[in-house]
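Derivation of every value follows stated rules applied to the coordinates shown; laboratory data play no part. All of these numbers come straight from a predicted model, not from anything done at the bench. Virtual Cβ from ideal backbone geometry, glycine too; neighbours counted across all protein chains shown.
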Amino acid sequence: MDHASRTAPPAASTRMVDVLVPVALDQTYSYRVPRGMELKAGDLVGVPLGPREVLAVVWAENANPDPRLHNRLKDVSEKLEVQPLKGELRSLVDWVANYTLGPRGMVLRMCLRMGENLGPERLRAGVRLVGDPPRRLTPARRRVIEVLSDRLLHGKSEAAKEAGVSAGVIDGLVDEGTLTIEPLPPPPPPPAPDPAYGQPDFTPVQRGAVDAMRALAANGTFHVALLDGVTGSGKTEVYFEAVAETIRRGKQSLILMPEIALTGQFLDRFAQRFGVRPLEWHSELTPRTRARNWAAISEGSASVVVGARSALFLPYADLGLIVVDEEHDQAYKQDDGVHYHARDMAVVRAHIAKIPIVLASATPSVESEVNARKGRYQRIALPSRFGGQHMPHIEAIDLRREQPARGRFISPRLAGEMKAAIERREQSLLFLNRRGYAPLTLCRACGHRFACTICDAWLVDHRFRQRLVCHHCGFSMPRPPACPHCAAEESLVAVGPGVERLQEEAAALFPEARTMVLSSDLITSIETMRSELSEIAEGRVDIIIGTQLVAKGHNFPRLNLVGVVDADLGLSNGDPRAAERTWQLLNQVIGRAGREQGRGVGYLQTHQPEHPVMKALIACDREAFYASEIDLRERTLYPPFGRLASLIISAGDRPSAEGFARRLVTLAPRDERVVVLGPAEAPLAVIKGRYRFRVLVKSARGFDLSDYLRNWLALGPKTKGNLKLEVDVDPQSFL
Ligand SMILES: Nc1ncnc2c1ncn2[C@@H]1O[C@H](COP(=O)(O)OP(=O)(O)OP(=O)(O)O)[C@@H](O)[C@H]1O
Ligand SMILES: [Zn+2]
């Protein structure tokens, strides 16, 4: 910089803005606004950052940087012609970043996942027959002319496909003057959902809840309702009324789902109620659909959006309602990148936007249950099933007394019930939350166990894929013919069951029955998953064998029997939420039984029928479960009576990770409202070659734990080299 430019006032404009860039940075950067460019907070802009041009959002106008820096600032290069991010969304980004300690830029990034193309839609080419046939008329050319004989405009690629020719044949006809190329008009926007399209008749039990839903949506102010209805009570139909009311008010609704891959049935039900399908938002959208949907959401033409957790961060033009379906579901917690809980952040968004939110579940999280008990959330209850169906009857099968045969996992009693169900032409569901064939493979001769080389985990035998697979890093290897340790041949045995092994057993027990395994690792695409689920719903499967994928939200009309193969599975680890999870998962999966006809029955194969969770399940005693769990959390000051955060320290070698974790803990600011536990080696001590230590931070309920952590980490040693520190506020996983 030369002397003159420092003293003379710059010729360029002196306006400046602070922009936030969607990368892993927390702070904003100042840029100059070129003359003639009008910018306000929320505008999307292109800015030079280092050697690149990047997308950014104006976070604050009239920024006030050091005036001496002014001449070193670069200019905003362009303003994008899209809707600006509203103040409401920018506040959410700031709030989430502040709460989770995630970099603001990374939170912003979730708002900007609109795919590559932001410009206008590329026009598609159309062709029309206008002139005479060419002199040289090949059979291919004749077919094209036939297809276009109506002299209307056809899509070029469709016409080529219909005539069975390449695009080159069409281009040839264009050169001859036989056809013209004209742009196809863009497809008309899909019709808007119609709130009056297919409204059902509600039962007297449902009517009260429906009225409450409509009132909350009509009020349109911040209000949290817990729609607490047993499985099969019609929660979806009921919250659709809040959506209908929101459509009538001309505002947008967002319905969050834990597992968007499984929502085929949901989309159909939505169409039955509103005449069209809602707009979808999830990771499997093509870039073009993503760009189109993002634009429809930000312009306001999308009236209802159903999406996975990331849909919470979209730039709705005028959001009027949020519904969080299956609000208790763990899948709402994101555990990489920004660690956030979409249900909790949805409540924050509703609060900032001053709109109502409905949390729906048959098995509310302990947090939401406590909020309803304390009157912070309005409870809207549906205590019985729709259509007079009974809740399933639940029984324990005590595995200490009723053992399956050696190497088998289905007890004789459960097998007998399955046989009876098949004879009644009803479906059975075997539930086991374990993917693959067997969780462990060992050598009978020397005892060698197959473990992942870079994770602290056994390799899981996957027979469909014919490989041993690590569920933590994805490493896999073929099952070797001999033990790599002692070279014994044919000595390898599978230990324990996975769903694939259960299918083998079910097929051996009932050779005539049609079986199907549903497990996330076997899904090749959302479409195949949806078609498999409709095959089940149509009754073309007798025995369904599945992981937690089958527990969520499905309606299988012919399913009356659910067998939980290992009810104790989720209780054995030291997870403070183990009891809650087990209660929720088993209620949900057994809740698939007896929804439309006949009586549903659930069998719990367990070694501990006297465990409080099993007892509450068997007695269908929801009160007993929540009372004892709430009491326990209150005594131990676990959430929601206290707050938790985890620090996860990992490094390529054990001493670095442990050393850093120890140093960090010694620097924790003293505060009598905070307890720092650890560091301790993580239960999953090594993942992908990284050694992991955990620190658990517990505080009183009203305490600003995020602020405490921020101050602490600012004092802490810097993370250098491959050392990584992750902060997880309100952790759901303790592994
Ligand atoms: N008023 C109604 N009229 C017609 N059908 C209804 C009505 N209420 C509910 N149903 C039907 O009852 C079935 C169960 O409803 P729904 O799936 O909404 O229950 P749910 O409470 O969400 O259950 P879960 O928690 O198990 O997912 C569905 O097939 C639904 O279409
Ligand atoms: Zn691994």
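By other beta-carbon atoms within 10 Å, ranking Ile181, Ile322, Ile410, Ile523 with the fewest at the front produces Ile181, Ile523, Ile410, Ile322. Straight-line cross-link partners of Lys720 among the lysines, defined as a Cα under 20 Å from its Cα and at least 8 positions apart when in the same chain: Lys688. Rounded to the nearest 20, the Cβ-based charge dipole of the chain about its Cα centre (Lys and Arg +1, Asp and Glu -1) stands at 980 debye. When shorter helices are ignored and each DSSP H run of at least 4 residues is given -39500 (n - 2.57), the per-residue value for the chain at 222 nm works out to -9000 deg cm²/dmol.
Separation of segment 568-624 and segment 394-420, taken as the distance between their Cα centroids, equals 17 angstrom.
Hey, if you put +1 on the Cβ of every Lys and Arg and -1 on every Asp and Glu Cβ in the chain, which of Cys486, Ala421, Ser650 ends up farthest toward the positive end of that dipole? Selected residue: Ser650.
Going from the residue with the fewest nearby Cβ atoms within 10 Å to the one with the most, His472, His328 rank His472, His328.
For segment 133-194 versus segment 480-555, the spacing of their alpha-carbon centroids is 47 Å.
Inter-label distance, Asp94 to Glu402: 6.1 nm, where each label sits 7 Å from its Cα along the C-beta direction.
Listed values for segment 553-570 are Karplus-derived 3J(HN,Hα) couplings in whole Hz (6.51 cos²θ - 1.76 cosθ + 1.60, θ = phi - 60°), namely x, 6, 10, 10, x, 9, 8, 10, 10, 10, x, 8, 6, 9, 5, 8, 3, x, and x replaces Gly and Pro.
The radius of gyration of the Cα set in segment 302-400, together with its Dmax, comes out at 16.8, 59 angstrom. Volume of the convex hull of segment 656-724 (Cα atoms only), normalised per residue: 92 Å³. For segment 301-318, backbone nitrogen atoms closer than 17 Å to the point 7 Å from Tyr197 Cα along Cα-to-C-beta are found at 301-307. For segment 574-667, the relative contact order works out to 15 percent when only alpha carbon pairs closer than 8 Å and six or more residues apart are counted. Once the Cα-Cα distance is subtracted from the 0.36 nm per residue extended length, the Ala24 to Arg654 segment shows a gain of 224.2 nm. Apply 1/(1 + (r/R0)^6) to the Cβ-Cβ distance of Glu504 and Ser628, taking R0 = 35 Å, and write down the FRET efficiency to the nearest 0.05. Approximately 0.35, to the nearest 0.05.
Considering only alpha-carbon pairs that sit under 8 angstrom and 6 or more positions apart, the relative contact order computed for segment 125-183 is 53 percent.
Counting every alpha-carbon pair across the chain, the share separated by more than 50 Å comes to 25%.
Charge tally around Lys79: other residues with Cβ under 11 Å, Lys/Arg +1 each, Asp/Glu -1 each, net -3. Of the two radii for segment 382-469, the radius of gyration is 1.12 times the Kirkwood radius, both from the alpha carbons; that is the Rg over Rh value. Pairs of Cα atoms nearer than 8 Å and 6+ residues apart set the relative contact order; for the chain it is 11 percent.
Take every DSSP beta bridge whose two residues both sit in the chain, then give the antiparallel share in percent to the nearest 5. Here the share of antiparallel DSSP bridges comes out near 55 percent. Taking 4.7 Å between C-beta atoms as the pairing limit, the chain has these partnerless cysteines: Cys111, Cys473, Cys620.
The HN-Hα couplings worked out from phi for segment 312-329 by the Karplus form 6.51 cos²θ - 1.76 cosθ + 1.60 (θ = phi - 60°) are 5, 9, 6, x, 4, 5, 7, 6, x, 7, 10, 10, 10, 7, 6, 4, 6, 5 Hz, whole numbers, x standing for Gly and Pro. Taking Cβ atoms as reference points and 13 Å as the exclusive limit, the residues near Leu92 contribute a net charge of +2, counting Lys and Arg as +1 and Asp and Glu as -1. For Val304, the residues 5 or more places off, or on other chains, whose built amide H falls under 5 Å of its own are Ser253, Leu279. Residues of segment 426-441 falling in the label zone of Phe464, defined by backbone nitrogen less than 20 Å from a point 7 Å along Cα to beta-carbon, are 428-441.
What's log10 of I(q)/I(0) for segment 436-496 at q = 0.13, 0.16, 0.20 Å⁻¹, Debye sum over Cα points only, no solvent? Each listed q maps to, in turn, -0.28, -0.43, -0.68. Using alpha carbon centroids, what distance separates segment 275-295 and segment 691-728, in Å? Using only Cα atoms, the two centres lie 37 Å from each other. Listed by chain and number, the lysines whose C-alpha is less than 30 Å from the C-alpha of Lys419, apart from same-chain residues fewer than 8 away, are Lys552, Lys615.
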